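> For reference, the structure I am asking about is given below.
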Amino acid sequence: MKNNNLLLLHGALGSKAQLKPLQELLSKDFNVHTLNFEGHGGRFSTNDFCMERFAENVAEKLQTLAISKTHIFGYSMGGYVALQLAKKYPELVDRIVTLGTKFNWSLEAAQQEVKMLNSSKIEEKVPAFAKYLQELHQPNDWKEVLQKTADMMLALANGKKLINDDLHQIQHKILIGIGALDTMVTIAESENAASQLPNATLRIIEDVKHPIEKVDTNVLATVIRNFIA
């Protein structure tokens, strides 16, 4: 029987609310589900952030929904979580589409990302973004979300990342999507990840930047639909 389930996974600092327009577009074709990773979108958590824990969040969600297998679209960090899930629980996952997922977690790359997660600087220089994060994650403290995300990025650089041997084990059909205008993730690191995954294809999407709010939802929905169908 054809699998018609699709789970959408949000990125770092994000929540399922950001994927609602995409969910609505794809609901004509799939049974579409979303979730907030713990500590995001107002979901409570006392744990440190880590990809393995977020993958467990997904496994628990699928169990709650009584879904034995699903396709997954993962935006940015969500794509990384999808691969982590596929490695640990291959039977739960059908096809995967990622967009803007960062694979290069060298110490230098992580430190560069962490620099942008300074809450004081965000409040001072981009107060509108600070307000947005506060509203997105309330009643949780958005500054704690930033700090836990920064700690997770440094942990990835210090040995918690997926290495080539891990990627070789993931046999699923995967589309590694990267926006041609993405300044956070390079085409080279996306290309490398696609080459290490046994059944992956690289797709460079023209005119697409990194922030999910700036991605043309119709274009993204078509990419997902075509790959899964």
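What follows is calculated from the coordinates using simple rules that are stated; it is not laboratory data. These numbers were taken from a predicted model, which means no experiment stands behind them. Glycine also receives a Cβ, built like all others from the backbone with ideal geometry; neighbour counts cover every protein chain displayed.
> Around residue 73, with a cut-off of 13 angstrom between Cβ atoms, what is the net charge of the other residues, counting Lys and Arg +1 and Asp and Glu -1?
+2
> Explain nothing, just compute: Karplus ³J(HN,Hα) = 6.51 cos²θ - 1.76 cosθ + 1.60, θ = phi - 60°, for every residue of segment 125-142 in order, whole Hz, x for Gly and Pro.
9, 9, x, 5, 5, 4, 5, 4, 5, 4, 5, 5, 10, 4, x, 5, 7, 4
> Now for a separate question. Report the residues of segment 206-222 in range of a label on residue 187: point 7 Å along Cα→C-beta, backbone N strictly under 15 Å from it.
What the label zone holds, given the 15 Å backbone N cut-off, is 206-210.
> Another one. Calculate how steeply helix 187-196 sits against the longest principal axis of the alpha-carbon atoms of the chain, using the helix alpha-carbon long axis, and give the answer as 0 to 90 degrees to the nearest 10.
Approximately 40 degrees, to the nearest 10.
> Please list, in chain and number order, the residues 5+ apart from residue 9 or on another chain whose amide H is under 5 Å from its amide H, with Hs placed from the backbone.
73, 74, 75
> Any idea what angle helix 51-64 forms with the longest principal axis of the chain, computed on alpha-carbon atoms, 0 to 90 degrees, nearest 10?
Around 50 degrees separate the two axes.
> Can you count the Lys pairs in segment 117-174 whose Cα atoms are under 24 Å apart, with each pair 8 or more apart or on different chains?
13
> Okay, next question. Subtract the Cα-Cα distance of residue 129 and residue 229 from 0.36 nm times their separation in residues, and report this length gain in nm to one decimal.
Between residue 129 and residue 229, full extension yields 32.3 nm more.
> What are the ³J(HN,Hα) values, in whole Hz, obtained from phi via the Karplus relation 6.51 cos²θ - 1.76 cosθ + 1.60 with θ = phi - 60°, for each residue of segment 163-176 in sequence order, with x given for Gly and Pro?
Once θ is set to phi - 60°, the couplings for segment 163-176 become 9, 4, 4, 5, 4, 4, 7, 8, 8, 5, 6, 9, 10, 8 Hz.
> If each residue of separation counts as 0.36 nm, what is the full-extension length gain between residue 141 and residue 112 once their alpha-carbon separation is subtracted?
8.1 nm
> Next up: Under the 0.36 nm per residue contour assumption, what length would be gained going from the current alpha-carbon distance of residue 48 and residue 66 to full extension?
The span from residue 48 to residue 66 would gain 3.8 nm if fully extended.
> If you don't mind, another one. Could you tell me the convex hull volume per residue, in Å³, taken over the Cα atoms of segment 158-229?
Enclosed volume per residue, from the Cα hull, is 101 Å³.
> Same structure, new question: Over all directions, the average projected area of the alpha-carbon convex hull for the chain comes to how many nm²?
11.7
> In terms of modelled amide H atoms, which long-range or inter-chain residues lie less than 5 Å from the amide H of residue 205?
178, 179, 180
> Kindly write out, for segment 13-26 in residue order, the coupling ³J(HN,Hα) from the Karplus curve 6.51 cos²θ - 1.76 cosθ + 1.60 (θ = phi - 60°), rounded to whole Hz, with x marking Gly and Pro.
Couplings: 6, x, 8, 5, 4, 5, 9, 4, x, 5, 4, 5, 5, 8 Hz.
> Kindly put 106, 119, 76 in sequence by how many other C-beta atoms sit within 10 Å of each C-beta, fewest to most.
With the fewest neighbours first, 106, 119, 76 line up as 106, 119, 76.
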